[in-house]
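Below is one structure; the comments refer to it alone.
The values are calculated or read from the model by the stated rules, or taken from the named source; none is laboratory data. Since the model is a prediction, treat every value here as computed from it, not as a measurement. No Cβ is skipped: glycine too gets one built from the backbone with ideal geometry, and neighbour counts run over all protein chains shown.
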Amino acid sequence: MGIISLEKADHLFWLGRYTERVFTTLNTFFTYYDKMLDIEEEVYKKFCEKLAIPMVYKDKEDFIRTYLFSENDPNSVYSNILRAFDNAVVLRDELSSKTLSYIQMALDCIEHAKDSQALVYDLQPVIDDLFAFWGCLDDNVEDEECRNIIKCGKYLERLDLYMRLDYSYRQIEKEYNKFLNRLHKIRIGYNLSEVDKLSEIINLGEDWKSRYYEAINALWSVF
């Protein structure tokens, strides 16, 4: 196992975060999209509020197109897959071209879906491509430290999103344990006191929500 530079570790960590951000926010968007069409047109405002996304969208249609496809919206799915791809390109030697290709495929899929009239159907392959990316990562990336750093970023991002998006306590606890497992395996410094604080909050069970903001702040202060 070779020594990983701080710069490379940063790329690995953010690759994990951005791929997970696209995966979970897109999956959640599909649920809100159905609600916007069938039940509540302005439910997208709740989605934005939960994720602390500025309300810059004019209406439902503007939100759908801008949030999914705008390169100029830093919170968009497209912006996040671009960031994932940029990090992956730098890591081509560590990832392998085959592993990188699944990020490229996800990016291409989003670009091709811009004019789609069947958004959920045409964007579903993005989810499949990211599943394939993670599977290929385990199969093709030999360096365990590289895999652990990517997955540490992935599970930190997932935990943050699950807490914000009102996932069940059982799901949050599960992702927290997965995050801790990877955190203890990487050779990167982190703030143990913030980890302990987060553990204390998560261990409250369903009552963790009474310390919601403290939990979010602790998670963001781990590194």
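Could you tell me whether any residue of region 162-180 is of a type in the set (Lys, Arg), surrounded by fewer than 21 Cβ atoms within 10 Å (Cβ to Cβ) and within 15 Å of the chain's Cα centre (by Cα)? There is at least one residue in region 162-180 that is of a type in the set (Lys, Arg), surrounded by fewer than 21 Cβ atoms within 10 Å (Cβ to Cβ) and within 15 Å of the chain's Cα centre (by Cα). Screening residue 118 against (1) in contact with a Lys or Arg (Cβ under 7 Å, 6 or more places away or on another chain); (2) more than 16 Å from residue 84 (Cβ to Cβ) leaves a single unmet condition, (1).
Okay, residues lined up against (1) in a helix (DSSP H, G or I); (2) touching a strand residue (DSSP E or B) at 6+ places or on another chain (Cβ under 9 Å); (3) modelled with pLDDT of 95 or more; (4) within 26 Å of residue 63 (Cβ to Cβ):
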site: 120; (1), (2), (3), (4): yes, no, no, yes
site: 124; (1), (2), (3), (4): yes, no, yes, yes
site: 134; (1), (2), (3), (4): yes, no, yes, no
site: 146; (1), (2), (3), (4): yes, no, yes, no
site: 149; (1), (2), (3), (4): yes, no, yes, no
site: 152; (1), (2), (3), (4): yes, no, yes, no
site: 156; (1), (2), (3), (4): yes, no, yes, no
site: 160; (1), (2), (3), (4): yes, no, yes, yes
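Does residue 30 count as surrounded by fewer than 18 Cβ atoms within 10 Å (Cβ to Cβ), of a type in the set (Phe, Trp, Tyr) and either in contact with a strand residue (DSSP E or B) (Cβ under 7 Å, 6 or more places away or on another chain) or at pLDDT 95 or above (or both)? Yes: the conditions hold for residue 30. Within region 33-63, take every residue that is over 19 Å from the mean Cα position of the chain (by Cα) and of a type in the set (A, V, I, L, M) and give me the one that is surrounded by the most Cβ atoms within 10 Å (Cβ to Cβ). That would be 36.
Taking the condition among the acidic types (Asp, Glu) and buried (at least 19 other Cβ atoms within 10 Å of the Cβ), does residue 7 pass? Judged against the criteria, residue 7 is not a match.
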